[in-house]
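Contents: one structure, followed by commentary.
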Amino acid sequence: MSELRIVADLMAVAARTAPKTKGEDCLVIKVVEGAEVQDLAHKMAEFGVRTGKKNFDRDGRNVAGSDCVVLIGIKNATTAGLHCGACGVEICELLPVNSVEGEFRGPNCAYRLLDMGIALGSAAKMAGLLNADSRIMYRAGAVAREMGLIDADFVMGIPISATGKSIYFDR
């Protein structure tokens, strides 16, 4: 097991144990490495060409230079039942959860998205505490989902590397 795989596993622990609304866990977490990372990088560049969306090639090059990618998403996230209106509806039961399919499946309860954000921050913080370079990437998550690398409705990727200079900085 490489040192960065250990970092990735600790990032996954940090994400899993991050605080969650009402203590309900709808996170999906997966670490990819080796050939899967290179396949993801290649597919990211292809996705950009196919869709005409910018910077998938740039982020794909970053992923290609990474040892591991930590994928963090949510799956089948129910509403929190707080009737807060943050998602755009006044009553939680009126939110048409996961009725729209695109790069991601939604809409989702704002609190579940916050839970995912807190988990992402916890994972990125763990990488930083362990002196591994990282960057939270929407593009890596979108393509990982399309590839079926992770079964999640909404997902982000956090590639990690350890070089003399962060490969995620001057992009």
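The values are calculated or read from the model by the stated rules, or taken from the named source; none is laboratory data. Keep in mind the model is a prediction, meaning the values are calculated, not measured. Here the Cβ is made from the backbone with ideal geometry for all residues, glycine too, and neighbour counts use every protein chain on show. For the accessible areas, the whole protein counts, side chains as well, though only heavy atoms, and no ligand, DNA or RNA atoms are used. Shrake-Rupley method; radii C 1.70, N 1.55, O 1.52, S 1.80 Å.
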Restricting to segment 31-40, name every residue that is open to solvent by less than 70 Å² (accessible area, probe 1.4 Å) and either in contact (Cβ under 8 Å) with a residue 60 or more places away in the chain or assigned to a helix (DSSP H, G or I) (or both).
32, 37, 39, 40
Filtering segment 1-28 down to residues that are over 15 Å from residue 160 (Cα atoms) and β-branched (Val, Ile, Thr), which residue is most open to solvent (accessible area, probe 1.4 Å)?
17
Can you tell me how many residues in segment 79-112 are of a type outside the set (S, T, N, Q) and surrounded by 17 or more Cβ atoms within 10 Å (Cβ to Cβ)?
14
Matching residues in segment 144-171 - criterion: being within 17 Å of residue 42 (Cβ to Cβ) and basic (Lys, Arg):
145
Identify, by number, the condition in (1) open to solvent by less than 40 Å² (accessible area, probe 1.4 Å); (2) closer than 22 Å to residue 8 by Cβ; (3) part of a helix (DSSP H, G or I); (4) touching a Gly at 6+ places or on another chain (Cβ under 9 Å) that residue 43 doesn't meet.
(1)
Boolean, residue 121 is at pLDDT 95 or above, loosely packed, with under 15 Cβ neighbours inside 10 Å and assigned to a helix (DSSP H, G or I):
yes
Restricted to segment 47-61 and to residues being part of a loop (DSSP other than H, G, I, E, B) and within 18 Å of residue 136 (Cβ to Cβ), the residue most open to solvent (accessible area, probe 1.4 Å) is 54
